[in-house]
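The values are calculated or read from the model by the stated rules, or taken from the named source; none is laboratory data. Since the structure is predicted, the reported quantities are computational estimates derived from the model, not experimental observations. Neighbour counts are summed over all protein chains in view; Cβ atoms, including those assigned to glycine, are modelled from backbone coordinates with ideal geometry. Just the protein is used for accessible areas: all its heavy atoms, side chains included, with ligands, DNA and RNA removed. Shrake-Rupley method; radii C 1.70, N 1.55, O 1.52, S 1.80 Å.
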Amino acid sequence: MTIYFYCIHDQFYVVRYFMSMSLRTRYERCSTPSAKQCFVVSSVILNMISYGLTTGYNATLFSELRKTREIALDIHSESWLASMMGITLFVGSVIGSLVMETIGRRSAVLMSSIFMICGWTSFSFASSFPVLFIAKLFQGISAGIGTNVGSILIAEYSSPKYRGSFIATIPTGLLLGIFISHTFGMFYGWHQLCIILLFFSLPGLIAIVFSPESPSFLVTKGRYDECRKIFRWLRGTDEDDELETMIKTNMILQETKKVEFCNVSKLIQNKLAYGVTAFKKKEFRIPVLIMMHLSAIMQFSGSLVCDMYALDVHTALYGTDVYMFKVMTSLDVLRLVATVSAVYITSRVRRRSMLLVFVSLNIVTDLCIAGHVYARQHGLLPFDHWAISLFLHHFLYFIIGTGSMPLAIIIGGEIFPLADRGFCSVISRIFCSVYMFVNIKSAPYLFSSVGVDGAFSLYALIHSYSLIVTLILLPETKDKTLERIEDEFRGHTIANHEEAFEMKDYDVRDDGD
């Protein structure tokens, strides 16, 4: 009996030893730099999903309120609710820029999460137009803060080898949020849906609460010991060279600021002079004009109006809204596929060729939708089958997701000059916000005056003009360095560089003779 007891006792310790080794191995795997980076990046991606939820929620909100008249909305109030996103995105991006530079990147995302939850809470108690307006205000500012800070925070959290993959998940998170909202919209009304989506927004808040501050922000505030601690917690000790270089560079910048502190009174004058000087430079002026027209191509592509005013578009295109949420859910899946396809296509096809093909297809599809809607409403079709509308609708979303939308983002990251990149980004964001507001605000009035067919014909006209101007101004940018692209905007082509080199070489030989 004693021998049996000791055997059991020994077996117990052996089992406990192996269990402790197994738990330790699991802990070590979960505490690797890549796992830690996945966790902190998830705080941004979960908030991106929340921003997608707000876009998809519009379809349920507007369609339900039109049918039930629970809250009376006319064409003016509905257009204001929908178009507020354009204004509040810009306001949120300005707030986010100030917060991330003064309080911190983590604090900006935390503020964005709180604003989002306040928005969903306001929707759950909404019984009048002003409360809906306040809810939209909260959510628009939240999305503006988060989309402005999100990619920056991911880049500062992650190692170079993971950075591209992490940033590429941002549009996927947005589309996933739209998909979730449309899926639940098939089963629940707007009031119940906002409560469900509120719980989908909570994980982003919880994740950012337990995430550390960005090491890049800490170094700008001179908190070097804390920066080293968090940087090594995120990335280990293999990237200490980047850490020490970042700290030394900031020390030099801080010394420079101390020397130039006396010139702060001239800051406004210098900024105005900088703006005037920048617009005189071709490498600044031409990219801004290109982005002005690329933003028009992206905002007036048709998908934004289809998402915001799904009931109008579906009724005009299909003759009924019975299958609206099922169709929208399939469109969301298609957009996810198109996003993945865009990554492959942009790595293979030249930018100008891709722009010409996909935007031209977008124009043709807009005209086909306009013609089909007009012919169906006036009884001019020899036969009317839902498959025609379904194909045109899905083909439009695929073209936009594969070409029109990613091209504007990709080209915008390539053509801005290095010295003025921040100023160019602000101007580009202003154009996007203005176009978004004008597009969404004007859509109900266009639908009531010229119909859905007239609105899509107008979008085709805007696309045609923007495409012609962009092709005239835009050089090929694929597989070129940013310096070479900037030189081409200045007018310094490769031929000019070679000619200048030959002349210099000729002068050297003459001096030698």
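Would you work out if segment 340-464 is rounded, prolate or oblate? Take a ≥ b ≥ c from the square roots of the eigenvalues of the alpha-carbon gyration tensor; rounded if a/c is under 1.5, else prolate when a/b is larger than b/c, oblate otherwise. Because a/c hits 1.5 or more and a/b fails to exceed b/c, segment 340-464 counts as oblate. When 314, 76, 191 are compared by accessible area of protein heavy atoms, the largest-first order is 76, 191, 314, using a 1.4 Å probe.
Once the C-beta distance of residue 183 and residue 238 is scaled by a Förster radius of 60 Å, the resulting FRET efficiency is 0.90 to the nearest 0.05. Remark: for residue pairs 282/480; 67/326; 161/478; 67/441; 248/478; 280/441, the C-alpha separation exceeds 26 Å in 248/478; 280/441. Count the net charge of all other residues whose Cβ sits under 13 Å from the Cβ of residue 349, scoring Lys and Arg as +1 and Asp and Glu as -1. Net of charged neighbours comes to +3. Summing charges over all other residues whose Cβ lies under 12 Å from the Cβ of residue 314, with Lys and Arg as +1 and Asp and Glu as -1, gives -2. For the residues 490, 335, a 1.4 Å probe over the protein chains yields an accessible-area ranking, largest first, of 490, 335. The Cα atoms of segment 301-372 give a gyration tensor whose axes a ≥ b ≥ c have a/c of 1.5 or more with a/b no greater than b/c, which makes the shape oblate. Computing FRET efficiency as 1/(1 + (r/R0)^6) for residue 461 and residue 323, where r is the C-beta to C-beta distance and R0 is 25 Å, gives about 0.25.
Counting heavy atoms of the protein chains alone, residue 196 has an accessible area of about 40 Å² for a 1.4 Å probe. Counting only heavy atoms of the protein chains and using a 1.4 Å probe, residue 476 has close to 20 Å² of accessible surface. For segment 281-499, the carbon plus sulfur part of the accessible surface works out to 69%, probe radius 1.4 Å.
Annotation: per residue accessible area for segment 281-499 equals 43 Å², rounded to a whole number [probe 1.4 Å, protein chains only]. Counting heavy atoms of the protein chains alone, residue 38 has an accessible area of about 70 Å² for a 1.4 Å probe. Once you reduce segment 467-486 and segment 284-314 to the center of their Cα atoms, the two points are 20 Å from each other. Given R0 = 22 Å, the distance between the Cβ atoms of residue 483 and residue 285 translates into a calculated FRET efficiency of 0.75. Loop only by DSSP, 12 or fewer other Cβ within 10 Å of the Cβ. Give me the trypsin sites (Lys or Arg not before Pro) in segment 25-124 that pass, ordered by residue number. Those satisfying the criteria are 69. Ligands, DNA and RNA left out, the 1.4 Å accessible surface of segment 106-251 is 69% carbon and sulfur atoms. In a fully extended conformation the segment linking residue 425 and residue 129 would gain 103.1 nm over its present Cα-Cα distance, using 0.36 nm per residue. Against the criterion of solvent-accessible heavy-atom surface with a 1.4 angstrom probe, 133, 231 sort, most first, into 133, 231.
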